[in-house]
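Please read the structure below before turning to the comments.
The values are calculated or read from the model by the stated rules, or taken from the named source; none is laboratory data. Fair warning: this is a prediction, and the values are worked out from it, not measured in the lab. Here Cβ is always computed from backbone atoms with ideal geometry, including for glycine, and neighbour counts include all displayed protein chains. Accessible surface areas use protein heavy atoms only, side chains included; no ligands, DNA or RNA. Shrake-Rupley method; radii C 1.70, N 1.55, O 1.52, S 1.80 Å.
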Amino acid sequence: MISPNFFENLWQDIRYAGRTLRRSPGFMATAILALALGIGANTAIFTVINTVLLRPLSYPQPDRIVALMRHTPDGDEQGTSITKFVVWCQHKEVFQYCAVYDFGGPGINITGGDRPEQVKGIHASADYFGVFGAPVEIGRTYTLEEDRAGGPKVVVISNGLWRNRYGGDPGLVGKSILLGNEAYTVVGVLGRGFTTDPPADVWIPVQADPNSTDQAHYLSSAARLKPGVTIEQAKNSMKLAAEEFRQKFPGKLDAKESATVAPLRDTVVGDVRTALLILLGAVALVLLIACANVANLLLARATIRKREIALRAALGAGRQRIISQLLTESLLLSLAGGILGLVLGYLGVRGILAINPGDIPRIGDHATAISLDWRVLLFTLGVSIMTGVFFGLIPAFSATRTDLNVTLKESGSRAGTGLRQNKARSILVVTEIALALILLVGAALLIRTFSLLRTVNPGFNAHNVLTMQMSLTGERFNKSSGTDQVVREAERRIAALPGAQAVAVSCCLPLEGGFDLPFNIAGQPPTDGPYNGDVQFRPISPEYFSVLQIPLIHGRAFADGDHMNTAHVVVINEAMAKKYWPKADPLGQVITIGHGVGPEFEEPSRQIVGVVGNVRETGIDQEPQPVMYIPLAQQNDGVTALQNRIVPLTWMVRTAVQPFSLSEAIQKELLGASGGLPVAHIRPMDQVLAESTARTNFNMTLLTIFASVALLLAAIGIYGLMAYSVQQRTQEIGIRMALGATVENVRKMVVAQGMLLTLIGILIGAAGALALTRLMASLLYGVKTWDPVVLLCAAVVLAGVALVATYVPATRASRVDPLDALRYE
């Protein structure tokens, strides 16, 4: 029950605390700044975590939206096929709406007029808009009938595209617009507030054949649960759906594969959760170090105020009342630090966005969505209050645990001397050093990881290569001959440009992943289900290896003569040769690619004519995987049509000059060669290579900043302790010097005391680092979490900083005049 005088006493404590702190501006500024650094760092990281992990998705009732996924022993995978989607969505007892879509598609070309433009497009089934609760500004969304195979060419566009390109014309609904030089009727415009992640401007019906036998996993699927249906119920339903699929398509589902659901937000967040939580743990350690620093300041201040506190107690103030007063001072400091920390946190968020690698979900494409909302404000307030209580309790209890008679008889300057009377302060400094070492080790591990990644050979030469993407949608590009014609014409045009050396195309860039397809080896029994293997698959133009300077190891590369009417050939990489022909020469071997995946993938067998060097196709931190390369001109029409629907064609041009200097000229030639199709996502290959390590660089940069702050705070802490100790031991030092101690003896004594605390802190921190850095294993490459070199280097850096912080007060101690010291009171 609250005391009747509680609020009166609280107001008195606040007023008194304010007056007391104002009399010590240096102490107040130092404490507030230390706390602001810790609270600001926590606020910045929590703001990102709030946006990515905690804030609900922007759709209506987002907790009812689930991703439909394949469940395998290796984990859940989002990619699905038309056949699986059809079977899964027959379970109407759990799903209100069920949709399939191809996020990350090739983009859509808006043609016609004098301003062709490539915008982000999604092929989505009709229920997509129900799953995501899309509002409609004008018109409607397309219907199930319009989404059937062979249906009309209709389109739904975003509010932003409607306003920016078409001036918000309400008469646009019912009219046709040209997409890839083909007429599509606009049936509706979505509401202003509807955004997807990643964002899109155009939605086109999938128009999938419900009787399809296509087993290729190139689509995503999501559903909205019926009211009252739980995630567990949906999972059980999906298990039944997987068994139904197994019975309907015998041999098309691995024995260990099933189906499941997961909250859509979990799939959006992906693997970034671990990194963000580690960063939050890191800033929590920084805050603890800041708290220890301020607690040390308060302990030193409490020693000076012992007579004042003893006098208040002698006049009748109870211990609880005095502790309340001291905690009020601590809380005022922490709240002031929290206010400044909120400002620093806001600036920190801007800094995080500036170095954001671009692949952190929910902020990469929606940077403006990050804000200091009520969760962040509540978090900062809570952290400020808890911080004030945490660092205020130790000094408060220490200050009130004194003998009044002894304290009142002592002079203020002699109220406790030596390290033994400062055990609490020593413990706090040891804690700071231990926590700082943990952060230093974590930062050093990421620095080593980033350094090792920079030395990895990606398998190609990225220098002086310009890349850009073109969407080849429409009837013209449903056949390989249409794509091949554009490629050959573009090669002819670009080859005539001064400074352009070679041109190539592919479905995908190295380091960014792509497709995989199963294959069979002629004359060998299947070893992986119905196949011999399932590896990366790349259709390329003849100059691909030349543009990227991928070395040819055996045989030959592709030539202009490799087209649909000649013998079908394939080139493999060294990884595939070693895995599937470890003791034989793969040249001349015959393989069949994609048989049984779907009718679009049925093609003649291919002969291996060459072996090239390994390329890191799926990431610089991923070991080279087996890859099959085929001539783009020999690709099946069905695969070409499918590929052009789901990914853009990527152009690569090797130049003899700075790549961007030819960008406009190359774009002009591509526009002419393709019949007016624009390009997008123009990047030098060096940028692609840099982006592959961007996430590691982001994590390393932030953790290094936090470790540097921790190191600075730890240095301030040990300096403050030793400086205070020297001041309190002035008489003792004077006596030692009067009895014959040399300047060097005194300096060594102080340094030894400071370094002993440092050594204890390093030993404790090393044990903590060995335990906690295991959580970072998924963020590391080429280095163990217990790497002795990293641990030793971090310990040496921390010991060096501590030595400097200790040496300054040690030098001051060695200059004590014995006569002045003996008169010291």
| What number goes with the only condition from (1) surrounded by 21 or more Cβ atoms within 10 Å (Cβ to Cβ); (2) assigned to a strand (DSSP E or B) that residue 558 does not pass? | (2)
| query | Quick one: would you say residue 538 is surrounded by 14 or more Cβ atoms within 10 Å (Cβ to Cβ), of a type in the set (Lys, Arg) and either in a helix (DSSP H, G or I) or over 34 Å from the mean Cα position of the chain (by Cα) (or both)? | reply | no
| query | With respect to residue 44, is the statement that it is part of a helix (DSSP H, G or I) and surrounded by fewer than 23 Cβ atoms within 10 Å (Cβ to Cβ) true? | reply | no
| Only one residue in 447, 427, 433, 494 is in contact (Cβ under 8 Å) with a residue 12 or more places away in the chain and under 30 Å from residue 300 (Cα atoms), so which one is that? | 433
| task | Exactly one condition in (1) buried (at least 17 other Cβ atoms within 10 Å of the Cβ); (2) hydroxyl-bearing (Ser, Thr, Tyr); (3) free of Cβ contacts under 8 Å to residues at least 12 places away in the same chain is not met by residue 196; state its number. | result | (3)
| task | Could you please let me know if residue 270 is at pLDDT 90 or above and surrounded by fewer than 19 Cβ atoms within 10 Å (Cβ to Cβ)? | result | no
| Extreme residue, farthest from residue 464 (Cα to Cα), among residues of segment 684-713 that are modelled with pLDDT under 95 and outside any helix (DSSP H, G or I) | 693
| In segment 669-692, is there at least one residue being within 18 Å of residue 476 (Cα to Cα), crowded, with 20+ Cβ neighbours inside 10 Å, β-branched (Val, Ile, Thr) and more than 25 Å from the chain's Cα centre (by Cα)? | yes
| Based on what the data block shows, is residue 214 open to solvent by 50 Å² or more (accessible area, probe 1.4 Å) and either at pLDDT 90 or above or over 33 Å from the mean Cα position of the chain (by Cα) (or both)? | no
| said: Looking at residue 484 and the list (1) acidic (Asp, Glu); (2) touching a Leu at 6+ places or on another chain (Cβ under 9 Å); (3) part of a loop (DSSP other than H, G, I, E, B), which single condition is not satisfied? | reply: (3)
| note | Inside segment 616-649, the number of residues satisfying the requirement of being modelled with pLDDT under 95 and of a type in the set (Ser, Thr, Tyr) is 2
| task | Residue by residue through segment 510-564, note down the ones that are among the basic types (Lys, Arg) and under 25 Å from residue 622 (Cα atoms). | result | 538
| query | With respect to residue 454, is the statement that it is over 18 Å from residue 773 (Cα atoms) and within 24 Å of the chain's Cα centre (by Cα) true? | reply | yes
| Here are 747, 736, 812, 774: which of them is charged (D, E, K, R), farther than 30 Å from residue 450 by Cβ, without any contact (Cβ under 8 Å) to a residue 40 or more places away in the chain and assigned to a helix (DSSP H, G or I)? | 736
| request: Look at segment 119-137 and say how many of its residues are open to solvent by 40 Å² or more (accessible area, probe 1.4 Å) and part of a strand (DSSP E or B). | output: 2
| query | Could you say which residue among 800, 768 is assigned to a helix (DSSP H, G or I), over 29 Å from the mean Cα position of the chain (by Cα) and within 28 Å of residue 716 (Cα to Cα)? | reply | 800
| Is it the case that segment 713-720 has a residue that's farther than 13 Å from residue 434 by Cα, of a type in the set (Phe, Trp, Tyr) and open to solvent by less than 50 Å² (accessible area, probe 1.4 Å)? | no
| Yes or no: residue 21 under 30 Å from residue 392 (Cβ atoms) and touching a residue at least 24 places away in the same chain (Cβ under 8 Å)? | yes
| query | With respect to the numbered conditions (1) in a helix (DSSP H, G or I); (2) more than 30 Å from residue 592 (Cα to Cα); (3) touching a Leu at 6+ places or on another chain (Cβ under 6 Å), which one is the sole condition not fulfilled by residue 653? | reply | (1)
| request: For segment 450-466, indicate whether the set of residues that are part of a strand (DSSP E or B) and under 23 Å from residue 116 (Cα atoms) is non-empty. | output: yes
| field | Boolean, residue 646 is touching a residue at least 12 places away in the same chain (Cβ under 8 Å), open to solvent by 10 Å² or more (accessible area, probe 1.4 Å) and of a type outside the set (D, E, K, R) | value | yes
| query | In the set 441, 429, which member is in contact with a Ser or Thr (Cβ under 7 Å, 6 or more places away or on another chain) and either open to solvent by less than 10 Å² (accessible area, probe 1.4 Å) or modelled with pLDDT of 95 or more (or both)? | reply | 441
| query | Considering only strands (runs of 3 or more DSSP E) fully contained in segment 145-248, which possess at least 2 residues that are more than 25 Å from residue 643 (Cα to Cα)? | reply | 182-190, 220-225
| Scope segment 472-519; condition under 22 Å from residue 615 (Cβ atoms), over 32 Å from the mean Cα position of the chain (by Cα) and open to solvent by 20 Å² or more (accessible area, probe 1.4 Å); matching residues | 491, 501
| said: One residue is enough: does segment 373-383 have a residue meeting the conditions at pLDDT below 85, over 19 Å from residue 695 (Cβ atoms) and assigned to a loop (DSSP other than H, G, I, E, B)? | reply: yes
| Quick one: which of 758, 811 is open to solvent by less than 30 Å² (accessible area, probe 1.4 Å), under 43 Å from the mean Cα position of the chain (by Cα), under 26 Å from residue 27 (Cα atoms) and of a type in the set (S, T, N, Q)? | 758
| remark: Checked segment 595-615 for anything at pLDDT below 95 and assigned to a strand (DSSP E or B); matches are none
